[in-house]
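One structure below.
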Amino acid sequence: MTEGQARRLWDRASVLANGAKVVEIGSYHGRSAIVLATAAADGVEVVAVDPHAGNDRGPQQITAVAEEGERDHQTFLGNLKRAGVDERVRHVRHPSQSAAAQGAVEGEIDLLYIDGAHRYGPALADIKAWGARVADGGTMLIHDSFSSIGVTLALLRTLFFGGRFRYLGRVGSMAEYRCEPVGSRVANAARQAVELPWFVRNVVIKVLIVAKLGRLTRLLGHRQPTWPY
């Protein structure tokens, strides 16, 4: 998460009124949860959904390793406590799809932040199940948009030509949508399609990094050793 992305989370959480609800899907070590809980006013519920099962911890980390998951969980709890927001965040330690099916979070969501598993299937399920819960006028932010192949395909499937979420733009790979009538679906799709060249660039950068040709990414304006976010 970049500084600009943290600022976007802060800005959207800080304007919520008493009684509003914030839900994030995918917390890892708690950085985004801390930003959201610190920015949100008293009376705003903040819910973090993450199984901390040791899987989907990053690129090519799909297999669950229970010990790593438990370390992530303890790090998450410790970070929340050090930031002074441990009592502001309700942690749901279940996979996002299970949490949605079991009704672990009730009612409409005013601010939804999705940063869960980036594979197509889980990303699609998160956008469908949790996006359907966003209140009219609410905000949905999705990380790794136009960067992860799985997330981007899920966006193409659900949001490009959908009529419920208007695309507002992105900060790096954090795309922002508002739950409101989009008017022209073609125009809304076109605003998202403009991001596809940036998506192709990011995929090429990831391929070069995996192939240990990271130095060549500078030709594409990417100077960090990590994947683009």
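The values are calculated or read from the model by the stated rules, or taken from the named source; none is laboratory data. In this text, all values refer to a predicted model and were calculated from it rather than measured experimentally. Cβ: placed from backbone, ideal geometry, glycine included. Neighbour counts: every protein chain shown.
Screening Arg133, Arg82 for residues that are surrounded by fewer than 22 Cβ atoms within 10 Å (Cβ to Cβ), under 23 Å from Leu16 (Cα atoms) and at pLDDT 95 or above leaves exactly one candidate, Arg133. Residue count for region 136-163, restricted to those that are of a type in the set (D, E, K, R) and either in a helix (DSSP H, G or I) or touching a His at 6+ places or on another chain (Cβ under 6 Å) (or both): 2. Scanning region 185-197 for any residue that is closer than 30 Å to Ala17 by Cα, in contact with a helix residue (DSSP H, G or I) (Cβ under 8 Å, 6 or more places away or on another chain) and crowded, with 16+ Cβ neighbours inside 10 Å turns up at least one such residue. Do we have Leu141 as in contact (Cβ under 8 Å) with a residue 60 or more places away in the chain, crowded, with 21+ Cβ neighbours inside 10 Å and not small (Gly, Ala, Ser) here? It is true that Leu141 is in contact (Cβ under 8 Å) with a residue 60 or more places away in the chain, crowded, with 21+ Cβ neighbours inside 10 Å and not small (Gly, Ala, Ser).
Within region 179-206, the residues that satisfy the criterion of being at pLDDT below 90 and not assigned by TED's automatic domain parsing to the domain that holds Leu153 are Ile205, Lys206. With respect to Ile149, determine if the residue is among the aliphatic types (A, V, I, L, M) and more than 20 Å from the chain's Cα centre (by Cα). The answer is no for Ile149. Considering Arg90, Arg191, Arg166, the condition of being over 16 Å from Val49 (Cα atoms) and assigned to a strand (DSSP E or B) is satisfied by Arg166 alone.
Of the residues making up region 20-42, those that are at pLDDT 95 or above, surrounded by fewer than 21 Cβ atoms within 10 Å (Cβ to Cβ) and farther than 20 Å from Val171 by Cβ number 2. Answer with yes or no whether Phe146 is surrounded by 18 or more Cβ atoms within 10 Å (Cβ to Cβ), modelled with pLDDT under 95 and closer than 26 Å to Asp11 by Cβ. Taking the combined requirement at face value, the residue does not satisfy it.
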